[in-house]
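Enquirer: Mind having a look at this structure? Questions to follow.
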Amino acid sequence: MIEPSGVILLNKPEGLTSHDCVNRMRRLFGTKKVGHTGTLDPMATGVLPILIGRATKAADLLVSDTKKYRAGLRLGVTTDTEDTTGAVLTSTDKIPDCGKVFEVCREFVGEIMQIPPMYSALKVDGQKLVDLARKGVSIEREARPITVFSLEAARGDSHSDYILDVHCSKGTYIRTLCADIGAKLGCGGAMSSLCRTASGNFTIDSCTTLDALGEMSEDERFSLLLPIESLFCDLPKIKLPPFFEKLSRDGNEIYQKKIGTSYHSGTRVSLFGADGFYALGEVRDYPDGSAVKVIKLFSL
């Protein structure tokens, strides 16, 4: 039997960790080689790209994806986890009017600095922050630059509830964004719900569910696998003639002047050969000029 390989777009259900979803997919596709990109908390739902077979090689390469979220913001409360599943630290009924809320939300658009929450999967000295937080340990965290490309706020079901549609860079913590907005308003805030509506070029409309996959035949499940190159569809594509394809597969750099391309140094490219996509490459400068070199081979 040919090992399955490709990408499944999963709409993660609430209540499961991303790792729980990986374990389910291992059983459904009959392989241990399953991973994911972009961890979602148990309370979150939405787009979770699942990598199967050779696609798992891409897990550490998808660093530039932008994300879109629809989040619930509850004002007047702060918690230890920055969402409504945590222990309440403060609460108030004094909520600013919607005009002020909208005004403050606009201030968070652009390049901003954000301190990662303790309840996160980030590691410090080999330990996850969330594991330290559960032991009651809190450590100093450095603020990191993130980008919020857009943030649209709308009234929710009560005077203290709002819906946020956020388009942001990878690495943005929406829980922390909610908490920071609440802090700026002076009343506190926590995330009450979260759905990732897009990850890179993948949208929730293209996702399937664990329940649906469980009801499918093996052939039906396999037919949903997207090709590995779909992970890099926003990158420039280079098709190499057989001679240069073999050289690149063997680890040699391919000089751009020989293949008629002129991408800037640092540009990542999808490499195609006689049988289609086979590798992710990167443009680098060498003593003899600019060249493309394979950084991850996906097809032998």
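The values are calculated or read from the model by the stated rules, or taken from the named source; none is laboratory data. Keep in mind the model is a prediction, meaning the values are calculated, not measured. Virtual Cβ from ideal backbone geometry, glycine too; neighbours counted across all protein chains shown. To get the accessible areas, we keep the full protein, side chains included, count just its heavy atoms, and leave off ligands, DNA and RNA. Shrake-Rupley method; radii C 1.70, N 1.55, O 1.52, S 1.80 Å.
Enquirer: Residue 36 versus (1) at pLDDT 95 or above; (2) surrounded by 19 or more Cβ atoms within 10 Å (Cβ to Cβ): which is the lone unmet condition?
Expert: (1)
Enquirer: State yes or no: is residue 132 of a type outside the set (Asp, Glu), under 30 Å from residue 281 (Cβ atoms), modelled with pLDDT under 95 and open to solvent by less than 50 Å² (accessible area, probe 1.4 Å)?
Expert: Considered against the rule, which asks whether it is of a type outside the set (Asp, Glu), under 30 Å from residue 281 (Cβ atoms), modelled with pLDDT under 95 and open to solvent by less than 50 Å² (accessible area, probe 1.4 Å), residue 132 comes out as no.
Enquirer: Checking the condition within 22 Å of residue 209 (Cβ to Cβ) and either touching a Ser or Thr at 6+ places or on another chain (Cβ under 7 Å) or among the acidic types (Asp, Glu) (or both), which residue from 16, 10, 75 passes?
Expert: Only one candidate passes the filter, namely 10.
Enquirer: Scan (1) open to solvent by 10 Å² or more (accessible area, probe 1.4 Å); (2) touching a residue at least 12 places away in the same chain (Cβ under 8 Å) for the single condition residue 126 breaks and write down its number.
Expert: (2)
Enquirer: I'd like the full set of residues that are surrounded by 13 or more Cβ atoms within 10 Å (Cβ to Cβ), farther than 21 Å from residue 20 by Cα and out of contact with any Lys or Arg (no Cβ under 6 Å at 6 or more places or on another chain), limited to the stretch 207-240.
Expert: Answer for the stretch 207-240, where residues must be surrounded by 13 or more Cβ atoms within 10 Å (Cβ to Cβ), farther than 21 Å from residue 20 by Cα and out of contact with any Lys or Arg (no Cβ under 6 Å at 6 or more places or on another chain): 226, 227, 228, 229, 230, 231, 232, 233, 236, 238, 239, 240.
Enquirer: Is one or more of the residues making up the stretch 262-282 without any contact (Cβ under 8 Å) to a residue 60 or more places away in the chain, over 30 Å from residue 38 (Cβ atoms) and open to solvent by 50 Å² or more (accessible area, probe 1.4 Å)?
Expert: Scanning the stretch 262-282 turns up at least one residue that is without any contact (Cβ under 8 Å) to a residue 60 or more places away in the chain, over 30 Å from residue 38 (Cβ atoms) and open to solvent by 50 Å² or more (accessible area, probe 1.4 Å).
Enquirer: Out of 57, 68, which single residue is part of a helix (DSSP H, G or I), under 18 Å from the mean Cα position of the chain (by Cα) and farther than 18 Å from residue 189 by Cβ?
Expert: 57
Enquirer: Mind checking whether some residue in the stretch 13-22 is part of a helix (DSSP H, G or I) and of a type in the set (Asp, Glu)?
Expert: The answer is yes, given that some residue of the stretch 13-22 is part of a helix (DSSP H, G or I) and of a type in the set (Asp, Glu).
Enquirer: Working only within the stretch 227-264, note down all residues that are farther than 21 Å from residue 56 by Cα and aliphatic (A, V, I, L, M).
Expert: Within the stretch 227-264, 238, 240, 247, 254, 259 qualify.
Enquirer: Looking at 20, 93 in this structure, which one is surrounded by fewer than 20 Cβ atoms within 10 Å (Cβ to Cβ), over 23 Å from the mean Cα position of the chain (by Cα) and of a type outside the set (Lys, Arg)?
Expert: 93
Enquirer: Something else: Among the numbered criteria (1) surrounded by fewer than 14 Cβ atoms within 10 Å (Cβ to Cβ); (2) closer than 30 Å to residue 23 by Cβ, which single criterion is violated by residue 246?
Expert: Just one mismatch for residue 246, condition (2).
Enquirer: Consider residue 23 against the criteria (1) in contact (Cβ under 8 Å) with a residue 24 or more places away in the chain; (2) touching a strand residue (DSSP E or B) at 6+ places or on another chain (Cβ under 9 Å): it satisfies all of them except one. Which criterion is unmet?
Expert: (1)
Enquirer: Could you list, in sequence order, all residues of the stretch 97-117 that are in contact with a Gly (Cβ under 9 Å, 6 or more places away or on another chain) and in a loop (DSSP other than H, G, I, E, B)?
Expert: 116
Enquirer: Those residues that are outside any strand (DSSP E or B), open to solvent by 30 Å² or more (accessible area, probe 1.4 Å) and either within 21 Å of residue 144 (Cβ to Cβ) or touching a Gly at 6+ places or on another chain (Cβ under 7 Å) (or both), I need them from the stretch 172-199; list them, please.
Expert: 173, 180, 183, 184
Enquirer: Residue under question is residue 101, and the condition is that it be modelled with pLDDT of 95 or more, hydrophobic (A, V, I, L, M, F, W, C) and on the phi < 0 side of the Ramachandran plot; does it hold?
Expert: yes
Enquirer: Here's a check for you: in the stretch 142-171, which residue that is part of a loop (DSSP other than H, G, I, E, B) and in contact (Cβ under 8 Å) with a residue 24 or more places away in the chain is farthest from residue 41 (Cα to Cα)?
Expert: Filtering first and then ranking leaves 159.
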